[in-house]
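Data first, discussion second: the structure below is written as structure tokens.
Please treat every number below as a calculation from the coordinates, not as lab data. In this text, all values refer to a predicted model and were calculated from it rather than measured experimentally. Note that each Cβ is placed from the backbone with ideal geometry, even for glycine, and that neighbours are counted across all protein chains shown.
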Amino acid sequence: MTDPRPRPDAVPAARPAGRLGIGEVVAALEAEFPGVTASKVRFLEERGLVLPERTPAGYRRFRPGDVDRLRFVLALQRDHFLPLKVIADHLAALDRGERPTGLPGTAAVPASSDAERL
């Protein structure tokens, strides 16, 4: 008979504080964006709209700023019907420290920064 207890070497390493897995991100967003799925989050990552950290095993770890960016992207899609290219251009401007004109809600989005990744 095998021992059902987990082996000490099989216990996953603790995740960095404030980092969420993709399922936790979806759970955090689903009240505001009922149709959001892990596939949608991965798609937005593939398009370069959010760049979560990766663990050595390849798992995504989202910082609070990543979740804010996702919320911003999803809100622009839902409320303003903007294509991803336009949203990406606005995010790139924010990342450069510019303030895009004619786009509601841009002040509420933190720019992606290397300092946040530390």
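Based on the Cβ-Cβ distance from A17 to A57, what FRET efficiency comes out when R0 is 22 Å, to the nearest 0.05? It comes out at approximately 0.75.
When the Cα gyration tensor is reduced to axis lengths a ≥ b ≥ c, the ratio a/c is 1.5 or higher for segment 18-110, and with a/b above b/c it is classed as prolate.
For T37 and E98, a Förster radius of 30 Å and the Cβ-Cβ distance give a FRET efficiency of 0.40, rounded to the nearest 0.05. Counting other Cβ atoms within 10 Å, which GluC sites (Glu not before Pro) in segment 15-73 have at most 11 and lie in a DSSP loop? Passing both the DSSP loop test and the Cβ count: E32.
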